[in-house]
Structures are given as C-alpha cells and as structure tokens.
1. In percent, how large is the relative contact order of region 148-247, given Cα pairs closer than 8 Å and 6 or more residues apart?
2. Hey, which lysines would be in cross-link range of residue 66, C-alpha to C-alpha under 26 Å, not counting anything within fewer than 8 residues on its own chain?
3. Specify whether the C-alpha gyration tensor of region 277-410 places it in the rounded, prolate or oblate class, a ≥ b ≥ c being the square roots of the eigenvalues: rounded for a/c under 1.5, otherwise prolate if a/b is larger than b/c and oblate if not.
4. For residue 438, list long-range residues whose amide hydrogen, built 1.01 Å from N in the peptide plane, is under 5 Å from its own amide hydrogen.
5. Straight-line reach from residue 260: which lysines have a Cα under 28 Å away, not including same-chain ones fewer than 8 places off?
6. Going Cα to Cα from residue 462, which aspartates and glutamates come in below 13 Å? Please leave out same-chain ones fewer than 8 positions away.
7. Can you tell me the 0 to 90 degree angle between the C-alpha axis of helix 37-50 and the longest principal axis of the chain, rounded to 10?
8. Using only the heavy atoms of the protein chains and a 1.4 Å probe, how would 57, 115 rank by accessible area, largest first?
Amino acid sequence: YNRDELLKSIKTNGTYSADVTPSTNFLKVTEDTGYKPPQAINDIIDNSLDAGADSVWVSIGQENNKPYVTISDNGSGMPVETLVGAMVLGASDAELQSKNKSSEGGTQGRFGTGWKTSIATFRGKAVIYSKVKGEDIYKITYDIDDMISRNSFTTPIEIPTESEVEFFNEETNNSKSGTITKITDINKFDMTAITSQKSSIVKSIAQTFRRFISNNKCKLFVNKSLIKPIDPMSYHTPVVDGNITYKSEIFNEIEYNDLKYFDSNGEEKRNGWAKLTFYKLPVADGEIAEESGWSSSKSGFYILRNNREIMEAQTLGLYGRVTVYSRLRVEMEFTSEIDSITNPNYLKTLFNFPRYFLDRITPDVKSEFNRFRAVHKKENPSKKQTTQQKNYNNRFINHMRKIKGLLPTLPNLTPTISPPLGNSTGRKNKSYNPQDNISIDYYSGGEYGKVWEGSLLNSGSKKVELLINEDHSLNTQFMTKGDDKLMGVVTSMMAALTISKWTNIPDGKASDEYEEKWNQIEAQFGMVLKQILDGVPQ
C-alpha cells in the first residue's frame, strides 16, 4: 500500500477503498489447521458421500520416493464450473452450484473449506479429476507452493491426457461419473510410517463412517480391501471371539423433537431433532475388554452429525471418568439442520454446544448415569467390604460433615442448570443428602488397578466421591482387617488428595489434559503400590 496515495484519497474524498484480498501466503496457514491425515481423508470422503457415491476407494503408497494418497469415488462428479468453484477457499453456494444432497439426509460439508484444508494438510501437490455423466473429464491442479511462488490464486484447468483418462477409469471402476483427488509429494508423514498411517486411516474410516457401511449406503476400500465397520457401542457390530459374541444392550433412548434453532434463512424453528442412545457394554474378561477399547478413557459421548461421527469419548463436563462408567456409552446424533445450536467448527472435528443445548440434555443424562450406577452396583455387589468398614465409613462421613467449613471450596464443574424445558424430566438423585460433602463406595478394579477413584459430584450441592478398589491389596490385606486408626489415616489421605486434585483443576480445555494426566498417575500409583505392598514388613 502506498501511504501518500492512501492519505491523499482520505483527505480529498474522505475515504479510501482498501483491497484486502488475502495474500497467497495465507495458503500456508491452511497447512496447519491441526488436521491429522485420517481426519483429512475423512473430510474428502464427505464430498464423495455428498455426491451420492456408493463406492469410495482410498489408496496409500509410494511414488517417486514420496508417499501419495488417492481418494476416488463413483459419485455424480462435478461439471467444470463447479470443479473450479470448489477450489475457492470458503466456497459459497454460488460457487458450489451443483452440490448434491447426501442420501443420508443433508450434506456432510458446510463451510466450503474442508476439501482445500484437507489437501493442504498433507503438504503436497494435488490433482483433481472429475466427470459428470455424458461429459468430458476435467483436471485441475491445487499446488500451494506454485501459487505462492507466482503470487497468484489462479490454477490451470485442463483436459487430461490419454494415460490420465485410463487412470480415471481404472480408479473409478469404469464409472460414467466420479471424482478423484490424488495428493503426491506428501511431506506430512514419514516414508517409514506409511504402514502405521494406513492402519490408523483404516480404523478412522471404519469408525467415522460406520453407519454408511453398516446400512450399505457406501462401500469403502483402502488399497482395494473392503473396510468393515467399527462400532464403539459394540451393538450394531458386536465383538466376536471364537464362538462367543459380545453385544451391548440398549440401556435407554431419549429423543428431543422440539429444539430451538435457526434455519438457513435465519428464521427460528422449534422442531429441531436430536437423539441420545445409552448403551450398556457387555461383560467380558480383561483381554477382550482391552482389545475392544472398553475402558474409562474411551467412555462417554460419541457424537454423530448426519450419521457421520465427529467426536468420540467426550464427557461434555456432565460426568467424571470413573471405572464404573467404562461400561456405559452414549451415542448422540442429530442432523446438520440444527447446526446453529451445535456449532460445528469448519474442520468438523469439534462442536461448541451452547448452554441452552447442554441445559436441555443434562437432567436426562445425569439421571441415566445415576440409574446405571445403581444397576451396576446391584449386579456387582462388593464382595470384600466388611461390616467394620461400613461402620467406620459412616463415622468418617459424619466427621467430614462437621469440618466441612474448614476444607477448601470445591469448584463448580458444571454451570447452574436452568429450569428444564419440553420433555426433560428434571429428575434428581433423591437419596442425595446435601449436608454430606463426601461419599464412600467400593468397586472391582482388579489387583493391579487404581487404589481408589476420586470424582466430584454435582447434584445440587457438591461432594467428593471415593470409590475404593476392593481388589487392591491395600484393601484386601490392610483395610478389611484394619483398626480405626489405620482406616482413619488411609481414608483421610484418599479424601485429602481427591479434594486437592479437584480444587486445583484448571478451566476450559486444559481440564481435559489435567484429568488425563491424573488418571495416568493414579493408575501407575496403584500398580506400584501393589508391588511395594507385596512382602512389605508388617
């Protein structure tokens, strides 16, 4: 910008029309969106599904001593004007004039940016071929380094060579229409890591698009191998081990049909739909459970938009990760129709749920989690807890109630819930005594598991919950036989550490990392203590 020209125009005309067209250097920014290769490939597959493809082929390999990835489909393809428009960052409906609606009800895309950022993620060069039935194949190149070197957003549109036409036909299984995205000269992952990358990509595709695969809406292949769905609920696709099948059961289903949202014209609607399905995972031995990912770290909400998974294993701040909940999972689903209240980010990796939506589902979620805990406790009663322990725990709870005012104030992990709307039950745990600031219970966590789990409950008033692992040697060898002095010291240390843990939890996203680190420490602590206690002088 010319300073003299700018000031002269302002003084003479009172204004200056500034050209704020992005620099081509902005293209480099799109290489660092945080996408991982599997997420980038999934985003490109979204375009194939929106084009009505019933088959998508992903190929991963090496070419000219560098990795390459190809995503091919037999969808409707794009006419040349739409192919060009699709290369525009933040493409609007005007540029994407021929965009199709997915047969699954709505489009997977939203911001007109995913395809380009997905390509940029690999830090390579992309060539896209597309064909509409009855028309020629057209080819466009998307090379960020080239555009930056020329300081131009322009890119060539060409008729492919004869060998490229053969490549297109081979990749799309001679389909009369379709699209191919081939990314070469990839710098995103190491040559030696191609095998592990392929494994991660297969798993990600299998879980992300499980609904499309299971419902036979689309066949997905990686290096010509058909992908089978991975169902983290273990319900639609149970776990099979030899002659034994492990299948979850539906614990409950809750639908919301009157959510408030704004449609594409900005008009408020009150018929938004969402559904929560609670699954109770099957009982299996430790090896099967571990291989199937039935752990507390993988518990929580699996969130789908238009039948496509966006997020997995989320707590949404509605419960604490404890072993009891490792067998309860929730599938949350809705369509893009209510994007105005679910607020997906443009990468389609995160939802920013507003308070209105969380307030609406929170009473039902907490009710189901409490009910599951009661069912779990009934089905798995403590076998090692003694009458002496029960009596002492009651006295300890009374002691903690008396000194409640001397202890640090516990944080409020979930904001105050507004009055329930619509069909929310608003049920509360009626057995909860707001005077108590601690509860003590037992669970079976294995002899090498955690010593105890300390969570923070928020049911009108806040209190700490100690879940003592009845299988750990600290309990079996000492606490079940211990006198009041020993019980007092051990239980007090558990309570003090748990209170300290929760009073120091950071706000926001950092709390997830904080909790995960604590989970690792507590798990290792339990294992180390087990080894130390074996043969310890008494």
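1. Relative contact order here is 13 percent.
2. 28, 36, 116, 125, 139, 182, 188, 198, 203, 224
3. Here region 277-410 falls in the oblate category.
4. When sequence neighbours closer than 5 places are left aside, the close amide H contacts are 464.
5. Leaving aside lysines fewer than 8 places away in the same chain, those within reach of residue 260 are 99, 101, 269, 275, 348, 366, 428, 509.
6. Qualifying aspartates and glutamates at Cα under 13 Å: 436.
7. With both axes taken from Cα atoms, the answer is about 60 degrees.
8. 57, 115
The values are calculated or read from the model by the stated rules, or taken from the named source; none is laboratory data. Because the structure is a prediction, the values reported are computed rather than measured. Backbone-built Cβ (ideal geometry, glycine too); neighbour counts: all protein chains shown. To get the accessible areas, we keep the full protein, side chains included, count just its heavy atoms, and leave off ligands, DNA and RNA. Shrake-Rupley method; radii C 1.70, N 1.55, O 1.52, S 1.80 Å.
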